[in-house]
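A.B. asks: Let me begin by handing over the structure; questions about it come next.
The values are calculated or read from the model by the stated rules, or taken from the named source; none is laboratory data. Here the structure is a predicted model, which is why all the values come from computation and not from measurement. Glycine gets a Cβ as well: all are built from the backbone with ideal geometry, and neighbour counts include every protein chain shown. When the accessible area is computed, the model is the full protein with side chains, heavy atoms only, and any ligands, DNA or RNA have been set aside. Shrake-Rupley method; radii C 1.70, N 1.55, O 1.52, S 1.80 Å.
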Amino acid sequence: PSVSQVALRIRPMSAVELAEGARPIAHLMDEQVVVLQDPMEDPDDILRASCSREKSYVFDVAFDSSAIQETVYRATTQGLVAGVISGHNATVFAYGPTGCGKTYTMLGTDGEPGIYARTLGELFQAIEDASGDTEYEVSMSYLEIYNEMIRDLLNPSLGCLQLREDAGGTVQVAGITEISAISAEEVSQRAPMGHGGDPANPPLPGAARLPQVLQALARGNMQRTQEPTAANRTSSRSHAVLQVTVRQRRRGRGLRRSRLFMIDLAGSERAAQTQNRGQRMKEGAHINRSLLALGNCIKALSHQASTKYINYRDSKLTRLLKDSLGGNSHTVMIAHISPASTAFEESRSTLAYAHRAKSIRTT
């Protein structure tokens, strides 16, 4: 079975939560255990002391608010790069309620880059260090799924795009913009110094192109559908999907292709928390539907014996991820929660969802 990892990250308390008088109720016990206390519980209630609603959840790795981006990347995603280069598919999800730090983990800031930047940097570097008998091409697309419609974040003017299945059964987005990060020519021209390479005018390697790629992603992220909700002033109302395709040709062998998905999911909170009405309420229903479909696929994959059929077609998100959830893929889910007592219900359902994802085992 391939590796599936579930991590949990607790963000720091926000100024708003502190101003509301919230207290921290989610705590890291060690590197794997998170304890969530029920804020309604009376510590002096002797009668109910035995049935305390304090619950602990075990994950592959857990981080509290002191964890830096580099630590989170190394413990969750770094190990996927070698697999992608050797032809395996991989998927990294950021999951959790709105305002709990998913976009920070994935995109990060200029000073504290997130998983997108660190993974791409390492992937480009690994290809540059790879042996000379393999030609690599790396391309990427960036899209959002909003209200079950697909939009190209690199070129939003294309409108609503459709999913198509190619002859090999791979699900593709028809007409999406793909930007080339490394072309086969660049890699094959990269002769070692003293072996015919031109030291005065070396081709631009992938690592040097990383800033341009990240600028394109930052611009794309600004195109995401955002709306203020009661839970978060700039709530992302869509799933953002960065798809990186690595094609490799080895001399005397065929073409091998692997795909890496890095996904910043839309917020998983209940309507009551966001005080949504009208259009926001409808969006929330679509978000919850696709997260439920994802949860159902995860549940079906985690109980392989009892469920022979996995319904990937329940949402655009799960259809797109069909090859990257089952098969020879590696999946990492990084769930996010707030430690505040005011977020108890959200945190509890996030911990339960992520805990269920921990039992996924693909074959």
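A.B. asks: Go through (1) in contact (Cβ under 8 Å) with a residue 12 or more places away in the chain; (2) loosely packed, with under 15 Cβ neighbours inside 10 Å one by one and return the number of the condition S157 breaks.
C.D. replies: Every listed condition holds for S157 apart from (1).
A.B. asks: Would you mind telling me which numbered condition in (1) among the hydroxyl-bearing types (S, T, Y); (2) closer than 12 Å to R259 by Cα; (3) more than 19 Å from the chain's Cα centre (by Cα) T91 fails?
C.D. replies: (3)
A.B. asks: Does S302 satisfy the condition of being open to solvent by less than 30 Å² (accessible area, probe 1.4 Å), at pLDDT 95 or above, hydroxyl-bearing (S, T, Y) and at negative phi?
C.D. replies: It is false that S302 is open to solvent by less than 30 Å² (accessible area, probe 1.4 Å), at pLDDT 95 or above, hydroxyl-bearing (S, T, Y) and at negative phi.
A.B. asks: Please enumerate the residues belonging to region 8-29 that are open to solvent by 70 Å² or more (accessible area, probe 1.4 Å), farther than 17 Å from R348 by Cβ and in contact (Cβ under 8 Å) with a residue 12 or more places away in the chain.
C.D. replies: The answer is P12, E20.
A.B. asks: Could you check, for region 66-84, whether at least one of its residues is assigned to a strand (DSSP E or B) and out of contact with any Asp or Glu (no Cβ under 6 Å at 6 or more places or on another chain)?
C.D. replies: No, that holds for no residue.
A.B. asks: Residues that are modelled with pLDDT of 85 or more: which strands (runs of 3 or more DSSP E) entirely in region 197-262 hold 3 or more of them?
C.D. replies: 239-250
A.B. asks: Check E135 against each of (1) touching a Ser or Thr at 6+ places or on another chain (Cβ under 9 Å); (2) under 30 Å from R348 (Cβ atoms); (3) open to solvent by 30 Å² or more (accessible area, probe 1.4 Å); (4) not in a loop (DSSP other than H, G, I, E, B) and name the one condition it does not meet.
C.D. replies: Going through (1) touching a Ser or Thr at 6+ places or on another chain (Cβ under 9 Å); (2) under 30 Å from R348 (Cβ atoms); (3) open to solvent by 30 Å² or more (accessible area, probe 1.4 Å); (4) not in a loop (DSSP other than H, G, I, E, B) one by one, E135 breaks only (2).
A.B. asks: Do you know which residues across region 101-128 are surrounded by 22 or more Cβ atoms within 10 Å (Cβ to Cβ), farther than 19 Å from V241 by Cβ and touching a Lys or Arg at 6+ places or on another chain (Cβ under 8 Å)?
C.D. replies: Selection gives F124 alone.
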